[in-house]
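Everything on this sheet refers to the single structure shown next.
None of the figures in this text is laboratory data; all of them are computed from the coordinates on show. None of these values were measured; they are calculated from a predicted model. Neighbour counts run over all protein chains shown; Cβ positions are idealised from the backbone, glycine included.
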Amino acid sequence: MSALSPHLPILQIIIPLIGAFLAGFLRRGSVAFALTLVVIWIMPFIAGALLWQALTSGPISYALGGWAPPWGIEYRVDVLNGFVLFLVSAVGAVIIPFARRSVAFEIEPGRQAWFYSMYLLCLSGLLGITITGDAFNAFVFLEISSLATYVLIALGHDRRALLAAFQYLILGTIGATFYVIGVGFIYLVTGTLNMADIADRLGPAAADQSRAIFAGLAFVTVGISLKLALFPLHVWLPNAYAYAPSLVTAFLAGTATKVAIYLLVRFFFSVFGVAIDFRALPVTEVLLALSIAAMFIASIIAVFENDLKRMLAYSSVAQIGYITLGIALANQAGLTGGLVHLFNHAVMKTALFLSLGAVFFRLGTVRLDQLAGLGRKMPLTMLAFAVAGFGLVGTPGTAGFISKWYLAIGALDRGWWWLVLLIVASSLIALVYIGRVVEVVWFRPTSPTFEGATDPPLSMLLPILVLAAATIYFGFNTELSANIAATAAKTLLGGLK
Amino acid sequence: MTPLRMPDSLVLIAVALPFLGALLIPLFGKHPNQREAVTLVTAVALVAAVAGLLAPVLGGARPEAGGFEIAPGLALAFQVEPLGMLFALVASSLWIVNSIYSIGYMRANNEPRQTSFYVYFAIALGSTIGVAFAKNLFTLFLFYEALTLSTYPLVAHKQNAEAMRSGRIYLLLLLGTSLVLFLPAIVATWVLAGTLDFTPGGVLGGKASGTVIGVLLALYVFGIGKAAVMPLHFWLPAAMVAPTPVSALLHAVAVVKAGVFAILKVAILIFGADALASTGQSGWLTIVAGTTVIAASVVALRQNNLKRRLAYSTISQLSYVVLGVAILTPISMIGAAIHIAAHALGKITLFFAAGSIHTASHLTDVSQLDGIGRRMPWTMGAFAIGALSVIGIPPTAGFLGKWFILGGAMQTENWLAVAVIVVSTVLNATYLLPIVFRAFFREPPKARTPEHGEAPWPIVLALTATAAGTVLLFLLPGTPLALSKLMLGR
């Protein structure tokens with residue numbers, strides 16, 4: 001074991017990659033599922049070990065193939081990406097038991113093994129973006145995860161899934177291209193691709209080549225913003241979430257956008273922020289304005305959606321607004337709020353999408369007008385939905401409250417009391433769209449069409465209940481969420497120029 | 001760590017008991033008698049636990065429990081101070097009476113979903129005790145929201161279109177005001193004062209300018225929507241669609257009193273009464289509270305539906321407490337605290353009577369009540385006593401609170417407040433006494449169908465008990481008075 005421990009960073013990536021490769025050769029979905037189950041449950045333990053090491057003894061640097069950075073590719077784990085690695089791998093692992101029946105129900109038998117292959121490939125891509133300390137390597141992993149995502153979305157049962165996947169393919173490619181152009185500009189100026197090295201060299205270069213650096217910053221920001229679905233670059237997200245298989249939607253909502261947000265934070269605070277005073281640039285103001293627009297416009301759209309997957313998708317766009325708001329605040333409480341919401345939103349939104357997956361499994365629909373009184377037929381599923389839903393609203397006693405608490409303090413520390421009112425006012429809209437569902441499923445007379453519907457089998461129910469319980473748990477215990485987010489925020493802000 | 005002393009563990013027991021009851025009740029869902037026994041046993045145990053805290057609190061102790069820190073500023077902690085003691089005592093002892101009443105009411109009216117009714121009721125009571133014993137603003141806020149969420153299903157209990165619409169108003173207004181106004185006020189308090197603990201003398205003194213204090217006060221007063229200060233009162237009449245036991249205990253006692261209790265507590269223990277007085281920011285509060293008192297009474301006059309009339313009366317009476325805060329004298333704040341207890345007893349009696357009439361005769365409107373006192377002498381007798389208390393006529397408890405608030409207003413020569421109290425008393429008499437008159441002195445309509453007598457005995461027992469309590473509290477006001485004085489540290 002001790003021989004392996006220095007290689008944990010690469011094992012984090014290579015194990016799911018090999019798993020994906022093997023699963024691609026399998027015929028039977030159930031065998032691929034078993035393989036995935038084993039592989040994916042190793043992930044949180046590796047990530048946990050890495051996070052623990054980063055917390056106790058500082059950042060870990062791993063030179064890929066023995067080539068010393070900055071010449072070779074460096075994997076670098078500090079508190080921030082250790083936190084994200086753990087979040088992504090834990091979400092991937094917690095929801096996997098749900099997959100067996102859900103995938104068997106939604107995806108034709110011949111493609112189930114491919115599904116698991118793509119799922120593992122997507123996971124290793126996302127973990128790769130997070131773990132790498134190399135700007136170009138991040139692009140490679142971005143493409144790996146994106147290509148796998150396109151396939152996963154296109155596997156949706158509805159034919160519109162193909163269109164949604166195509167739409168995402170086009171926009172995702174534009175995003176990735178923008179990102180790589182931005183990295184090109186940076187390379188032009190600094191001659192390096194290692195993020196820490198870029199940060200070192202960017203400062204001296206900023207004096208005479210500031211235009212190239214700003215162009216690089218702009219391209220990177222826009223490119224990543226497309227991937228993280230920052231309003232108004234979110235147009236791919238609602239369709240992709242609505243038509244993807246249930247498990248994929250839950251997985252993407254908890255991981256893909258979160259990793260993109262991580263990359264943005266990394267570039268803002270660890271790469272550009274170290275060299276130039278980006279708080280003086282209009283970047284933060286633009287981000288602030290777009291975040292607020294997302295919080296309100298996307299929430300209002302969510303209120304009028306009848307398809308609950310689309311409703312939650314728009315809600316995601318709004319909630320991403322909270323996270324980017326915290327980034328734009330760029331102070332201790334604000335950034336902590338943004339990062340802790342990255343964690344909390346992943347937990348809550350995954351719970352919500354999984355419970356919709358269970359509803360789809362039983363009824364074959366998630367249209368609100370067909371779910372009257374469902375709470376009496378599927379009480380535990382809908383209870384979990386309500387708990388995670390009120391978490392989104394930010395009710396005290398749930399994880400969502402902790403996020404809003406930090407964000408509000410961050411806004412007040414800046415002296416922006418109006419922003420505090422905007423934050424709480426937009427959670428009121430969340431109350432409307434969640435309350436609407438709660439009312440229909442719990443207080444309308446039960447529709448006679450779902451005679452036999454009950455809570456799903458334990459393998460599907462358990463992940464839902466675990467995530468709903470986590471929504472409450474992280475409302476009371478913030479050791480893992482807010483404490484680590486605060487540590488990460490402190491490090492990030494401490495490095496700023 | 002020292003082992004928990006007895007009163008300290010009693011605090012946790014008191015908060016946990018109703019939640020425990022809520023877990024046990026569904027286990028007996030198929031056996032109504034055992035199910036109701038669980039509710040009653042829980043209620044009695046709760047009163048015993050709360051009463052066990054009374055002597056230490058009167059002796060100057062402040063039993064504490066919890067102290068679990070979630071994040072900086074956010075601690076889950078309980079501390080029993082005199083005002084919370086008074087509130088918990090009122091809410092828990094009335095829960096016993098109300099449970100007896102519920103048994104009679106729910107069964108006689110064949111209400112559906114009785115198991116979930118008792119479950120949500122127990123959760124609501126647990127949340128109320130949590131509000132009462134909260135050591136800091138966060139804990140209060142947590143249980144305040146839990147109280148809203150647990151009473152929402154009770155408001156929507158009938159599950160028809162009207163109940164759902166009312167439930168929507170209820171949830172949006174109460175959760176909405178708390179999230180949009182109350183929460184920012186708490187965040188601002190934390191940023192300004194660096195603590196959220198309820199502290200004698202307040203924590204905001206000298207920490208902010210008069211204007212900021214004024215804005216914060218406004219955020220608290222309107223953010224605590226449960227106090228039903230106009231114009232944020234709509235949820236209360238809407239909530240009357242719930243079964244009468246809910247209106248009686250929750251929407252005349254637990255929920256609404258949690259609102260005014262929170263305002264009183266914030267005024268005394270967060271702002272500090274003296275600090276608030278020195279900023280001169282309470283003039284507008286007198287006007288807002290006074291307007292609510294008068295306007296709600298006028299609206300009550302025009303309501304023909306008995307429960308709606310009582311609801312508007314509650315809105316008016318709640319603002320007496322806010323008025324007591326706005327006058328900003330020790331004596332008026334003591335009056336406010338006593339009014340919380342006194343109005344609880346009087347108003348629950350009136351609602352019990354309204355539900356009793358509904359159960360026995362299916363009548364809901366004031367205009368239908370001619371001569372009903374001859375058929376239901378106990379009910380209407382209790383109603384008369386409750387009415388006297390709400391108006392504020394001795395020998396009923398309602399007199400005490402009003403007397404102290406009026407005294408405070410006179411002392412500070414706040415003539416506006418004096419006028420409000422006098423005019424309101426006249427209005428109270430105008431909307432309540434004609435009902436008593438009708439019931440006893442008008443001839444019943446000849447074609448009354450069908451014959452009926454009193455409501456089932458649990459209902460009669462409950463309303464007689466609360467009516468007696470109203471008189472008893474006037475005769476023996478020692479405990480509430482002592483607690484109210486201790487609340488101000490004297």
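Would you compute, from DSSP H runs of 4+ residues alone, the mean residue ellipticity of chain B at 222 nm, taking -39500 (n - 2.57) per run and dividing by the full residue count, rounded to the nearest 500?
Value at 222 nm, helices only, nearest 500: -23000 deg cm²/dmol.
Calculate the FRET efficiency for residue A:68 and residue A:285 from the Cβ-Cβ distance with a Förster distance of 41 Å, rounded to the nearest 0.05.
Calculated transfer efficiency: 0.55.
Which trypsin sites (Lys or Arg not before Pro) does the range B:386-467 hold that lie in a coil by DSSP with at most 15 other beta carbons within 10 Å?
Of the trypsin sites (Lys or Arg not before Pro), the ones in loops of the range B:386-467 whose Cβ has at most 15 other Cβ atoms within 10 Å are B:442, B:446, B:448.
With θ taken as phi - 60° and the coefficients 6.51, -1.76 and 1.60, list the Karplus ³J(HN,Hα) couplings across the range B:303-316 in order, rounded to whole Hz; mark glycine and proline as x.
With coefficients 6.51, -1.76 and 1.60, one gets 7, 8, 5, 4, 5, 5, 4, 5, 5, 5, 4, 4, 4, 5 Hz.
Using a 7 Å offset from the Cα along the Cα-to-Cβ direction at both residue B:68 and residue B:16, what is the distance between the two label points in nm, to one decimal?
Each label point lies 7 Å from its Cα, and together they span 1.0 nm.
Taking the Cα centre of the range B:282-490 as origin, sum charge times position over the Cβ atoms of Lys and Arg (+1) and Asp and Glu (-1), and report the length of that vector in debye to the nearest 20. Mind showing how you got there, number by number?
Values: 14 positive and 6 negative charges, 30 e Å.
Approximately 140 debye in magnitude.
Does the range B:282-490 come out rounded, prolate or oblate, given a ≥ b ≥ c as the square roots of the eigenvalues of its C-alpha gyration tensor, rounded meaning a/c under 1.5 and, failing that, prolate meaning a/b above b/c? Mind dumping the intermediate values first?
Details: a/c = 2.84, a/b = 1.75, b/c = 1.62.
Cα axes put the range B:282-490 in the prolate bin.
Within the set A:404/B:226; A:377/B:226; B:158/B:347, which residue pairs have Cα atoms separated by over 31 Å?
A:377/B:226
If you average the alpha carbon positions of the range B:309-373 and of the range A:37-70, how far apart do those two centres end up, in angstrom?
Spelled out, the Cα-based centre of one part sits 65 Å from the other.
What would the Debye equation give as log₁₀ I(q)/I(0) for the range A:31-95 at q = 0.14, 0.15, 0.23, 0.28 Å⁻¹, counting only Cα atoms as equal point scatterers?
The calculated log intensity ratios at q = 0.14, 0.15, 0.23, 0.28 Å⁻¹ are -0.49, -0.55, -0.91, -1.04.
With an 8 Å cut-off on Cα pairs and a minimum separation of 6 or more residues, tell me the relative contact order of the range B:282-490 in percent.
It rounds to 29 percent for the range B:282-490.
Output the 0 to 90 degree angle, nearest 10, between the alpha-carbon long axis of helix A:246-265 and the longest principal axis computed from the alpha carbons of chain A.
Long axis of A:246-265 versus the principal axis of chain A: about 20 degrees.
Among B:323, B:372, B:418, pick out the residue whose Cα is farthest towards the positive end of the charge dipole of the range B:282-490, where Lys and Arg carry +1 and Asp and Glu carry -1 on C-beta, about the Cα centre.
Positive-most Cα among the choices belongs to B:372.
Between the helical axis of B:82-108 and the dominant principal axis of chain B, each derived from Cα atoms, what acute angle in degrees is found, rounded to the nearest 10?
With both axes taken from Cα atoms, the answer is about 20 degrees.
Calculate the mean, over all residues of peptide A:392-405, of how many other protein chain Cβ atoms lie within 10 angstrom of the residue's Cβ.
5
Is the shape of the protein assembly as shown best called rounded, prolate or oblate, per the rule: a/c under 1.5 gives rounded, else a/b larger than b/c gives prolate, else oblate, with a ≥ b ≥ c the square roots of the Cα gyration tensor eigenvalues?
The shape class here is prolate.
Angle, helix B:137-155 long axis vs. longest principal axis of chain B, Cα atoms, 0 to 90°, nearest 10?
Helix B:137-155 sits at roughly 20 degrees to that axis.
For residue B:228, what charge total do you get from the other residues with a beta carbon under 13 Å from its beta carbon, if Lys and Arg give +1 and Asp and Glu give -1? Write out the running numbers ahead of the final one.
Numbers: positive: B:226, B:257, B:347; negative: none.
With Lys, Arg at +1 and Asp, Glu at -1, the neighbours total +3.
What FRET efficiency do you get for residue A:5 and residue B:485 if R0 is 45 Å and r is their Cβ-Cβ distance, rounded to the nearest 0.05?
After rounding to 0.05, the efficiency reads 0.10.
In whole Å, how far is the Cα centre of the range B:39-96 from that of the range A:405-472?
31 Å
Which one, B:464, B:433, B:360, is farthest towards the positive end of the dipole of the range B:282-490 when Lys and Arg carry +1 and Asp and Glu -1 on their Cβ?
B:360
Give, rounded to the nearest 20 debye, the magnitude of the charge dipole that the range B:1-274 has about its Cα centre when Lys and Arg contribute +1 at Cβ and Asp and Glu contribute -1 at Cβ.
500 debye
Using modelled amide H (1.01 Å from N, peptide plane; none on Pro or chain starts), what sits under 5 Å from the amide H of residue A:133, excluding residues fewer than 5 places away?
It is A:74, A:75, A:76, by chain and number.
From the phi angles alone, apply the Karplus equation (6.51, -1.76, 1.60; θ = phi - 60°) to the range B:53-67 and give each ³J(HN,Hα) in whole Hz, x where the residue is Gly or Pro.
8, 4, 4, x, 5, 5, x, x, 7, 10, x, 10, 7, x, x
With label points built 7 Å along Cα→Cβ from the Cα atoms of residue B:287 and residue B:107, find their separation and express it in nm.
For residue B:287 paired with residue B:107, the spin-label model returns 5.5 nm.
Tell me which aspartates and glutamates have Cα within less than 12 Å of residue A:227's Cα, excluding those fewer than 8 residues away on the same chain?
Qualifying aspartates and glutamates at Cα under 12 Å: A:143.
Please report the relative contact order for chain B, taking Cα pairs under 8 Å with a sequence separation of at least 6, and give it as a percent rounded to a whole number.
15 percent
Among B:344, B:312, B:395, pick out the residue whose Cα is farthest towards the positive end of the charge dipole of the range B:282-490, where Lys and Arg carry +1 and Asp and Glu carry -1 on C-beta, about the Cα centre.
Ranked along the dipole, the leading option is B:312.
Taking 7 Å along the Cα-to-C-beta vector as the label spot, tell me the residue A:49-residue B:58 distance in nanometres, rounded to one decimal.
It is 6.4 nm.
Please list, in chain and number order, the residues 5+ apart from residue B:365 or on another chain whose amide H is under 5 Å from its amide H, with Hs placed from the backbone.
B:306
Can you give the FRET efficiency to the nearest 0.05 for residue B:27 and residue B:48, using r as the Cβ-Cβ distance and R₀ = 25 Å?
Details: r = 22 Å, r/R0 = 0.89.
The formula returns an efficiency of 0.65 here.
Please report the spacing between the Cα centers of the range A:291-359 and the range A:197-256 in Å, no decimals.
Distance between centres, Cα-based: 17 Å.
When only C-alpha pairs under 8 Å and at least 6 residues apart count, what is the relative contact order of chain A, in percent? Numbers along the way, then the final one.
On the way: 907 pairs, mean separation 72.7, N = 497.
Contact order relative to length: 15 percent.
Note the full-extension length gain between residue A:42 and residue A:166 as 0.36 nm times their separation in residues minus their Cα-Cα distance, in nm to one decimal.
So the chain would gain 41.4 nm between residue A:42 and residue A:166.
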